[in-house]
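FYI, it's all coordinate maths here, none of it is from the lab. The structure displayed is predicted, hence computed values, not measured ones. Positions of Cβ are generated from backbone atoms using ideal geometry, with glycine treated the same way; all protein chains shown enter the neighbour counts.
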Amino acid sequence: MTYQGLIHRYGQYLDLPAHTQIVSLNEGNTPLIPMPRLSRELGCELFIKFEGLNPTGSFKDRGMTAAISEAVGRGAKTVICASTGNTAASAAAYAARAGLRSIVLIPEGKVAVGKLAGAIAYGAEVIQIQGSFDDALSLVVEITQKTPIALVNSINPYRIEGQKTSSFEICDVLGSAPDWLCLPVGNAGNITSYWAGFKQYQKGLPQILGVQAEGAAPLVLGHPVEKPETVATAIRIGKPARGEQALEAAHESNGRIIAASDAKILEAQHILASEGVWVEPASAAGFAGLVAETAKGTLDAKGKKVVVVCTGHGMKDPSIITESFESPRVIPANYQALVDVVGA
Ligand code: F0G
């Protein structure tokens, strides 16, 4: 029997209503990739949980299989979300799979091309908002309170249920929870989900390092950010819906939430790619945080098992790479020209 997705595999641990009708794209079951070279450099046992290998290229598919399965079972015909891009693509894909109408609201001009293309390819009705993700989220909350349209942002509790499964998978592969779990924090659904998942699975608890982008770090600053800005557009969020729960997860786990600069995030993206894992900028924030904390001596990773969650694939945001490099050199199509360049 082929793998049939997360609800099939972990449904017994997920608090989903009886009316749930499974809609799956065989999401989850993503690799936990050992990183031997970076492990040696950092003195720890480092693994990347590569969530970019989900069907739509991000971790959102874990929550979306649950949210859409519930919505279909209750007879919803239309789903809506606000998104910095990945939720939009995921909602669009699962809605398409279920035959539902999907509407996605995105901040104008601030969504990476791979995500927008995905949402359109899967058939979503894409609406750009002259405002931020936070503005878009307020609008979708209002319309779902006043109409039968179903909300599939991570305010929806079934999103959290689905996303817990990544903790289960990590414990199943390692045999127990890691010592540290590092991940990016935007609207704060994912950190909430991981912590709930580890607590429920009872295979030990990691310390959690949540990482926001410096220009969009409300949980570090202790107040909302009106005009969030960061190259990591996925986490360009100033008022996280689950901010309280994120702080609680960090605190209860004896971890913390910190901020990383755009420069450090892009450097982290580059370092991960240099050991074969290309992730989108926001997804490199967890690693950027780990590097910064170990360098400062405020996180002792020595000899510890560390899992860094990389939430989305590098192909989601190709422009960040192509715009920062000169285009590859051009040579005549002859052997000597090739040898001249290669230096053989
Ligand atoms: N990493 C990526 C690649 C994301 O797309 C997001 C959130 C996060 C991290 C942060 O996760 O919000 O649960 O704290 N993206 C949302 C979206 C906001 O609309 O796609 P979070």
Given the C-alpha atoms of the chain, compute the convex hull and give its volume per residue in Å³. 161 Å³
Kindly list the residues of the stretch 163-204 that lie in the label zone of Glu41, defined by a backbone N under 18 Å from the point 7 Å along the Cα-to-C-beta vector. 182-183
In whole percents, the bins of 5 Å from zero upward hold the Cα-Cα pairs of the stretch 170-235 as 4, 17, 24, 19, 13, 11, 8, 3, 0
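What's the FRET efficiency of Glu125 with Gln200 using the Cβ-Cβ distance as r and R₀ = 45 Å, to the nearest 0.05? Present the calculation step by step, with values, prior to reporting the outcome.
Numbers: r = 36 Å, r/R0 = 0.80.
The formula returns an efficiency of 0.80 here.
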Based solely on its DSSP helices, what 222 nm [θ] is calculated for the chain when runs of n ≥ 4 H residues each add -39,500 (n - 2.57) and the sum is averaged over all residues, nearest 500 deg cm²/dmol? -12000 deg cm²/dmol
What lysines could a cross-link reach from Lys203, if we take a straight Cα to Cα line under 23 Å and drop same-chain neighbours fewer than 8 places away? Lys49, Lys164, Lys302, Lys304, Lys305
³J(HN,Hα) across the stretch 307-318 via Karplus (A = 6.51, B = -1.76, C = 1.60, θ = phi - 60°), whole Hz, x for Gly/Pro? 10, 9, 8, 9, 6, x, 6, x, 5, 5, 9, x
Give me the distance in nm between label points sitting 7 Å out from Cα along the Cα-to-Cβ direction at Val173 and His8, one decimal. 2.0 nm
Order of Thr65, Thr165, Thr230, Thr298 from fewest to most other C-beta atoms within 10 Å? Thr298, Thr230, Thr165, Thr65
Report, to two decimal places, the Cα Rg of the stretch 60-156 normalised by 2.2 N^0.38 Å (N = number of residues). 0.95
Among GluC sites (Glu not before Pro) in the stretch 248-332, those in a DSSP loop whose Cβ has at most 13 other Cβ atoms within 10 Å are Glu323, Glu326
I need the calculated FRET efficiency for the pair Ala273 and Ser327, taking r as the beta carbon distance and R₀ as 22 Å, to the nearest 0.05. 0.75
Phi to ³J(HN,Hα) by Karplus 6.51 cos²θ - 1.76 cosθ + 1.60 over the stretch 5-18, Hz, x for Gly, Pro: x, 5, 5, 4, 7, 10, x, 5, 9, 10, 7, 10, x, 4
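Explain nothing, just the number: relative contact order of the stretch 60-156, from Cα pairs under 8 Å at least 6 residues apart, as a whole percent. Before the final figure, lay out the partial values.
Numbers: 173 pairs, mean separation 33.0, N = 97.
Answer for the stretch 60-156 is 34 percent.
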Cα centroid separation, the stretch 217-233 to the stretch 122-171 (Å): 19 Å
When the expected Rg is taken as 2.2 N^0.38 Å, what fraction or multiple of it is the alpha-carbon Rg of the stretch 209-344? 1.33
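What is the magnitude of the charge dipole of the stretch 60-156 about its Cα centre, with +1 placed on the Cβ of each Lys and Arg, -1 on the Cβ of each Asp and Glu, and no other charges, expressed in debye to the nearest 20? Don't jump to the answer; show the numbers that get you there.
On the way: 9 positive and 7 negative charges, 62 e Å.
Dipole size: approximately 300 debye.
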Net charge near Glu293, counting Lys/Arg +1 and Asp/Glu -1 over other residues with Cβ under 14 Å of its Cβ? +3
Need the list of lysines near Lys110 for cross-linking: C-alpha distance under 25 angstrom, and skip anything on the same chain fewer than eight residues off. Lys60, Lys227, Lys239, Lys264, Lys316
Restricting the count to DSSP beta bridges whose residues both fall in the chain, what percent are antiparallel, rounded to a multiple of 5? 15 percent
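Quote the charge dipole size of the stretch 1-101 about the Cα centre in Debye, to the nearest 20; the model charges only the Cβ of Lys and Arg (+1) and of Asp and Glu (-1). Intermediate values should be presented prior to the final figure.
Numbers: 10 positive and 7 negative charges, 47 e Å.
The dipole magnitude comes to about 220 debye.
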Count the net charge of all other residues whose Cβ sits under 12 Å from the Cβ of Ala273, scoring Lys and Arg as +1 and Asp and Glu as -1. -3
